Every structure is written in C-alpha cells, then in structure tokens.
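For reference, the structure discussed in these notes is given below.
The values are calculated or read from the model by the stated rules, or taken from the named source; none is laboratory data. Model, not experiment: these values are computed from the prediction. For neighbour counting, all protein chains shown are included, and Cβ atoms are generated from backbone atoms with ideal geometry for every residue, glycine included. For accessibility, only protein heavy atoms count, side chains too; no ligands or nucleic acids. Shrake-Rupley method; radii C 1.70, N 1.55, O 1.52, S 1.80 Å.
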Amino acid sequence: MSDILIPFKPGRATRKSVRIMGIGGAGQAVLSNLQTHWEKAPELLVIDSDEAQLDQSHIPERILLTDDRLKGQGTGGDTAVGSKLAEANEGKLRALLQNTNVLILTAGLGGGTGGSVLPELCRLAREEDVITVCLVSFPFKFEGERTLQAARQSLLELKTYCGLLVNCPLDRLSDLAGGEKAPLAKALACGAEHLGQCVQSLWHFLAEPGLIKLDYSRLHAMCMHSGGIASMASVSATGKKKNENLVQELSVHPYLDKGHVLANTRGIVVLITGGSSLLIRDIEEIMAGITELLGRSAEISFGATTQTGWKDRVAVTVIASETWCDWQDPVTEKPVPEQDEQLLMPIVKKKKGSPKKPLPKQVDLDLEPAGKGRFRDVEPTLYQGQDLDIPTFRRRNIRLAGKY
Amino acid sequence: MGFDPAVVVEVGTTRVRALVGDVREDGNLMVTGIGDVPSRGVKKGEIVHLENAVGCIREALDQADRQSGVTIHSVNVVLSGGDIAWKINRGSIPVMGDEYVISDDDIEHVLDTAKAVSLPENREVIHSIKQHFYVDDHEGVIDPQGMEGAHLAADMLILHGIRNRLKQTVRAVRSVPVEIEDVAFSGLCSALACLTPDQKESGVVVIDIGGGTTDYFVYANHTVAIGGTLAVGGDHITNDLAIGLGLPTRQAEKLKRAHGSAMIDYNARQKTVFLPAEGGFAGSSVYQNDVQSIVHARMEETFELIRSELDKKELVPILGGGIVMTGGGSHLREVKVLAEKTLGLRCMQGQPRNVSGLAIATEGPEYASLVGMLRYAFLRDERRGSPSTPFSHILRKMFQKG
C-alpha cells in the first residue's frame, strides 16, 4: 500500500515518461502477446534472469539480470535467489527509472524472478519518485503451497512498496475463458491477453492526450486511497448493443468477483476507449450502466480516449478498490489534529532513507506518521514487509459495522 | 536461606515493577517487597525517554525497598525490548579424548565453538543455551560424556538482541543509581516461574503478553527450543481500538478492559456499547462486534507470528504440554480460545509457582517474569562462581570504573 506520499510531476505527460515493463516469464508472455496485437505500442521492455528465455522474446528492449553465480541461468523458481539478484543489479534497475514518471509493471507471482524483483523495483521507484502500477497474476491453487506462500509474500511486500497493485488470480481464468471445460492453453492465453488489455488501456490514458483526460492526479489519488490491492477488468464490444453488453460483461466479470467488487467499491476509475465514432451518448449509457452496479457512495474517476482504426469498437477498463482510506486534499489540509483524533488523517509514514530531490512546493504535507496513534513517534516494527504498528484490522481490510 | 535477598526489576511499557525476595531451603521463593508504578517513557518495550524511565525505576525500587526493609544496592534486570530473537548455532570438533572417548574437555571445546556465532554488527548475545549433542551419526544426545565417536557436535540456542536498545535499559537502571547484578530475557524468566518439570518434558510454549511486547519461550525435546520477543502488546490493542473507533486512548483502554474480547460473538451483531462523556471526550456508542473484530484481528495476527516462529523448527506437533499463557494480556477474554485456534494447541493460564509472600506477586500473571527472574538469580547464586550471561560480563567490564 502506498502509505507514503509520492510527489507527482503534473502536466507534460510525454510518451517517454510512462513506461511499460514485464518481469519474469509471465511478464514476458503478457508483453509478447501485447506486442502482437498492438500496432502502435510504445517501446516495451522485459526484465528476466533467464538468458535463453530472454533471447526468444520479440520485445525490442531486454534486460538480463544476472550475477557471478547464475551467469544467465534463471532463478529456478527460488525467490531467495531472485532477491539476491535484484540487490546485485540495483544499479541497472535504478537506471531504468530515469526520465520516467509512471511505471506500468506486469509479472507473475510465485516464481523466482517476477515475485522477488518486482517489489525491489517498486521500492527503488519509490525512492526515485516514480509512481508504480503493478498488474500481477497469482498462481493456481494446484501449483502447491510453496509457490502460493512465495506469491503471498510477494504480494505483501508489493502492498508496501507499490503505488497501485492489481492482483489477478489465475484460478479465476476458467471463468474468463468460458467455463471449466476451457483447455489450459486457452485459459492461460486469455489471462495473458486480459492483463495485456489492462496494460494497454492504462497506458493510453496516461501517455496520450485523451478526449477527457485521466491524468496523474487521478491515478495518484487512486494509489493513495486504494489501501492495498485493487481489482481490474477490461472488456470490449462492437455492434448495436455494445454499450449494454459492455456493462453486462463487467457485471459478471470474474476479476470483479462477478460484480461483487463493484457493489462494494469505494473508489473506481473507468477508462473508455473508442473509435472516431464514439458518441457522447455511448459514454452516458455506459457510465449510467456502471453507476447502477456500484454500491453506496463510490468515488468515480473517469477518462475517455479515441484510437484510430477502432471503428465502432469500444473498450472499457475499470480499476476498482474496495477499500478507501480517507484522505484530504493536501493543498487545503487542516492543521494536524491532536494525538487522539487520528481518524481522518492519512496513513503517512516517514520515507526510508533520504529522498533524492526535495518535495515540490505545492505538496506541502506533514510527513509525520499519523494513523498510528501512540506509535507515531516510535520506530516502526517491520515484519515481512508490514508495519505492525498500523492497526491489524486496517491492514487486513476488515470492515467495521459502524461509522466512527 | 544461605543467600542474600535478591532484587529484580522490569522496565515495562505499562508498568515498572520491582520485587525483593528470598529463597527458602526447600526452594520456595518468598517475596518480601513489591514496587509497582505506572511506566512513563517506555514504548514497545524500548525506553524512549530516559529521564522519565529512570524516575519510574527509582520510584518502584523505593517502594520495594521500604516494604521489604532491604536496602537495595544491586538489581537483576528483566529484558524484553531490543528485538530479542533466536538463532541456533552448531559447533563441531574432532574428538581429542583418548581412544575417541569423549571427555569433559571435548564437551567444553564444542560448546565454545557452538557459542561462537556470527551476528549482525548491532547485536549482542544475551543467552547461550545448550541444546543437543551429536556424536557421529547419533543425534539428540543429552550428555555425550564417556561416549565414543570421531566427531562431536553441539547445537547452541543463541538469544540475541539489539545492543544499543538493551544498553538503554541498563543505562536507565544504572542511573537510579544502582548496580546491575545480572540481566535475563523475560520470556525465559516467565517460563522459569510458571512451568512444571512435566510441562518442560512434554514440550510447551510459554506466551507472555505484556503491554509493549509479547514474549515466547519454548521447551521441546528435553531442551529449550526457541525464544524471542515481538514488539506487539496490549498497547497495540488499545491503539487499534482508538484509531478504529475514533476514541481517545483513555477511553480505548477502558473499553478494552471492559468489553475487549479476542473472539467475535456473531450472535450479538446489533449490540452496542455506550461510552459516557468524560473530560474532553463527548461520549460515543460503538458496536460490540466492532470492538471484538479489532481485538480479534490484532491478537490473531500476533499468534500467527508466534506460529510462524514455531513452524521454523516444526515444533507444533511435539508440544504435548500445549501453551501456557501469562502476562497482563492473558486477562483478555477468550484470548486462550483464540490462541488454541491459531496455534492448534491446548492453552492454559500460567502463573508463578512455588512462590509465597505478597499475594499480588504470587498470583498475578503480570508478575511471572519478575518471579522468574528471582528464581534465575537464586539458581545462578547456587552455581556460584560460574559466569551468568555473556551480556553481564560485558556490563561489568563496561561499567566497572569504580
């Protein structure tokens, strides 16, 4: 969870400053798939520890992480090896972050490289003031306890370091691919494709001027507020009833827990992409449909863009977060409340190590840790990537019945 | 009663306590003086405000002093902060005894080798506790003296903590001013106070839930298996309630004591608790389930953390004696039920044994670590002449200026 403040650089979102990277075998697969379908894709980049696997990739930019011991061999599914590799290649990773504002990352958890290098990269990104959006896949249950444990561990670390984290459990793939009878190859292909669509949507909205632009501040708000892990789903349709169909597909989408997520959503970002024939009415109908699916008072952020060559195809990508940490606009922030009134303060933590650049003036925030009550002046107790001083019920997103 | 009275002190997060006691011929401890004052300047078992802490320690010692009639010169200090953790170090030597018969020298030699553990720069050994010996292929040997073998190895359980933080506590006590006789890990003390020989035989984990820290100490396979401290305690429950329910700390603490429960009662969904206005607090109404949810989450996590320590050595299946829970936190409703659920072991209330004298000390689980330290002090005096702990060696060297 991004409970430290990442000062964002407003305006001037050039193509270069939003980068897409895939880490590990799964990350490569997603980007390869994307590369094939996306004509005007920006430079994609893959990072891996397995030289042979990297060589086979069609992605133009490839970074090999290796050290004296491995010499281009993969991590063999061992996260400990992966972590050491990430440490050894810190310089290389840091270099990738230069001239970047937002990093869209994708990887598969549970293996060796993806799950251990990704959190490390996010940690460095934080230090370099780069916002990270991570779209990760979570292993199948049948992959075994060790893999699942490693994946859980990575997820915990990512929550701490990553800006916005989207988890896509592979177990839900069979629903996406059309039922339990879907062959494994098809299911995996569907999964990679879905992740790819999400990556593409995000990129369009961040890197290109859109009709209605979803800019950094929205994404930033999402990162700050999501309180952990968000859900993401992407659907597309054509034809007469496309608006209805889009909403319908979203309402039963496995990655939105068949609509459950929407019903419980506290914050949602809706990205609509269409061809040149996209009408205002289309957008109205789609937004109306989605709003109906949403629960009580969800905060909605919205962006729309058109792509050439899409004709009448429309795609909708939603990022939804079921948890929302109340946060106040930094510019109009009220003075720090007394020690015992911690409720409405952001969960902000002191940054580890010294920031490379001073914070921009408009984000005039008190970096004192709040939301930790008695423990705000004490060194945090960190255990497996979690700060134990932050209330457990918060970290576990346990909802309370009352409003306090 | 061959020994001088011993004085023990614990600089806790909620209370600073001191005991003065004697040991009788039959081994029973007699508490003759108690000091118990609110703690100021300690958070999560660490001293964050030296002057305040020193004041509290002085006050606690004064109380115990007056009550017992013993003038206090030197004390034994119970340690629980400093992120105390465990590491098992193995030492291995070729047997040098005649005809490969293992001699006392061999045993001493291998134990020294096992004690030579490499720790991070900032850490200091507090206890080295011998576990098992290995004679060639023979594992789990308790006493290898007289056995034959080419190689002798030994496992040593090393309990270590962050030097600077532990020194803070020591410095605070010294500043009272008073001498320091010895130091010991609070988990070890609680175990010494509460456990029966049977429990140690069967395998058992002692969990001491304090205000700022939770300690665990495990016996298994006839030795001490692991031990350590988590910087999470009753204070965290209070804080969680304060943040989650929008209450001042005082009210949260009262709420915890009156209505806190480690298990959630799903039959009482709509039930609310009314908190009357007081001082600067306007009064509030909270759902009882919310109180329970918050407490449950925190305690469950704490027990899960202990479970993961136990799992590192696969201890759960061999702890026939289950869990013995002590410390102030053991008063929390349903906490033993939750511990049983999370750790998969029977849980019973622990309290100081074989101790008489002032009632609070003898019956309260809050005093387990202190009574245990008394026991530790007298056991050590029995073995007079043998060094107590490496840390106190260093202490003596450091503070011996005259």
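Residues to consider are A:Thr79, A:Thr14, A:Thr75; find the one that is in contact with a Leu (Cβ under 7 Å, 6 or more places away or on another chain) and at pLDDT below 80.
Values: A:Thr79 fails: in contact with a Leu (Cβ under 7 Å, 6 or more places away or on another chain); A:Thr14 fails: in contact with a Leu (Cβ under 7 Å, 6 or more places away or on another chain).
Testing whether each residue is in contact with a Leu (Cβ under 7 Å, 6 or more places away or on another chain) and at pLDDT below 80 leaves just A:Thr75.
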**Prompt:** In the range B:139-161, is there at least one residue being open to solvent by less than 70 Å² (accessible area, probe 1.4 Å) and acidic (Asp, Glu)?
**Reply:** yes
**Asked** Only one of these conditions is not met by B:Leu192: (1) under 24 Å from B:Asn76 (Cβ atoms); (2) in contact (Cβ under 8 Å) with a residue 40 or more places away in the chain; (3) out of contact with any Phe, Trp or Tyr (no Cβ under 7 Å at 6 or more places or on another chain); (4) open to solvent by 10 Å² or more (accessible area, probe 1.4 Å). Which number is it?
**Response** (3)
**Request:** Considering only the range B:114-128, state which residues are open to solvent by 80 Å² or more (accessible area, probe 1.4 Å) and either touching a residue at least 40 places away in the same chain (Cβ under 8 Å) or hydroxyl-bearing (Ser, Thr, Tyr) (or both).
**Result:** B:Lys115, B:Ser118
**Request:** Answer with yes or no whether A:Gly114 is under 13 Å from A:Gly22 (Cα atoms), touching a residue at least 24 places away in the same chain (Cβ under 8 Å) and assigned to a helix (DSSP H, G or I).
**Result:** yes
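Take the residues in the range A:386-398 that are part of a loop (DSSP other than H, G, I, E, B) and either on the phi < 0 side of the Ramachandran plot or open to solvent by less than 30 Å² (accessible area, probe 1.4 Å) (or both); name whichever of them is nearest to the other protein chains (Cβ to nearest Cβ).
The selected residue is A:Pro391.
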**Prompt:** Can you tell me how many residues in the range B:224-251 are over 22 Å from A:Gln384 (Cβ atoms), crowded, with 24+ Cβ neighbours inside 10 Å and away from chain A (no Cβ under 11 Å)?
**Reply:** 1
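Given the criterion modelled with pLDDT of 95 or more and not basic (Lys, Arg), identify the matching residue among B:Val355, B:Val324. Lay out the reasoning, then the answer.
Working: B:Val355 fails: modelled with pLDDT of 95 or more.
Going through B:Val355, B:Val324 in turn, the sole match is B:Val324.
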**Request:** Tally the residues that are aromatic (Phe, Trp, Tyr) and within 17 Å of B:Ala64 (Cβ to Cβ), restricting the search to the range B:349-377.
**Result:** 1
**Request:** Could you tell me which residue of the range A:350-376 is modelled with the lowest pLDDT, considering only residues that are over 21 Å from B:Thr229 (Cβ atoms) and at the interface with chain B (Cβ under 8 Å from one of its Cβ atoms)?
**Result:** A:Gly371
**Asked** Would you call B:Arg58 out of contact with any strand residue (DSSP E or B) (no Cβ under 7 Å at 6 or more places or on another chain), among the basic types (Lys, Arg) and over 21 Å from B:Asn354 (Cα atoms)?
**Response** yes
**Fill in**
Restricting attention to the range B:293-328, the residues that are part of a helix (DSSP H, G or I), away from every other protein chain (no Cβ under 12 Å) and either open to solvent by 20 Å² or more (accessible area, probe 1.4 Å) or free of Cβ contacts under 8 Å to residues at least 40 places away in the same chain (or both) number exactly 6
**Message:** Give all pairs with beta carbons closer than 8 Å in which a residue from the range A:44-64 that is at negative phi and among the hydroxyl-bearing types (Ser, Thr, Tyr) meets a residue that is part of a strand (DSSP E or B) and surrounded by fewer than 20 Cβ atoms within 10 Å (Cβ to Cβ); count only pairs at least 6 apart in sequence or on separate chains.
**Reply:** A:Ser49/A:Leu64
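Which of the helices (runs of 4 or more DSSP H) found entirely inside the range B:153-252 contain at least 1 residues meeting this: small (Gly, Ala, Ser) and more than 14 Å from the chain's Cα centre (by Cα)?
Numbers: elements: B:163-174, B:186-194, B:197-202, B:234-245.
Answer list for the range B:153-252: B:163-174, B:197-202, B:234-245.
If the requirement is being acidic (Asp, Glu) and at pLDDT 85 or above, which of these qualifies: A:Glu120, A:Glu128?
When all the criteria are applied, what remains is A:Glu120.
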**Request:** Take the range A:51-81 and flag every residue that is open to solvent by less than 80 Å² (accessible area, probe 1.4 Å), among the acidic types (Asp, Glu) and not in a loop (DSSP other than H, G, I, E, B).
**Result:** A:Glu61
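From the list A:Gly303, A:Gly295, pick out the single residue that is at pLDDT 50 or above, under 30 Å from A:Pro119 (Cβ atoms) and either away from chain B (no Cβ under 14 Å) or out of contact with any Ser or Thr (no Cβ under 8 Å at 6 or more places or on another chain) (or both).
On the way: A:Gly295 fails: under 30 Å from A:Pro119 (Cβ atoms).
After ruling out the rest, the residue left standing is A:Gly303.
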**Message:** Just to be sure I understand, how many residues within the range B:95-113 are touching a residue at least 12 places away in the same chain (Cβ under 8 Å), farther than 20 Å from B:Ile129 by Cα and open to solvent by less than 30 Å² (accessible area, probe 1.4 Å)?
**Reply:** 2
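For every residue, the table says whether it meets (1) in a strand (DSSP E or B); (2) modelled with pLDDT under 90; (3) more than 14 Å from chain A (Cβ to nearest Cβ).
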residue	(1), (2), (3)
B:Gly21	yes, no, yes
B:Asp26	no, yes, yes
B:Gly33	yes, no, yes
B:Asp36	yes, no, yes
B:Arg40	no, no, no
B:Glu51	no, no, yes
B:Cys56	no, no, yes
B:Ala60	no, no, yes
**Asked** Quick check, is B:Ile264 open to solvent by less than 10 Å² (accessible area, probe 1.4 Å) and in contact (Cβ under 8 Å) with a residue 12 or more places away in the chain?
**Response** no
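For A:Leu156, indicate whether it is in a helix (DSSP H, G or I), of a type outside the set (Phe, Trp, Tyr) and out of contact with any Leu (no Cβ under 7 Å at 6 or more places or on another chain). Can you show your working first?
On the way: in a helix (DSSP H, G or I): yes; of a type outside the set (Phe, Trp, Tyr): yes; out of contact with any Leu (no Cβ under 7 Å at 6 or more places or on another chain): yes.
When the stated conditions are applied, A:Leu156 passes them.
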**Request:** Tell me, yes or no, whether the range A:38-50 has at least one residue that is assigned to a helix (DSSP H, G or I) and either of a type in the set (D, E, K, R) or open to solvent by 10 Å² or more (accessible area, probe 1.4 Å) (or both).
**Result:** no
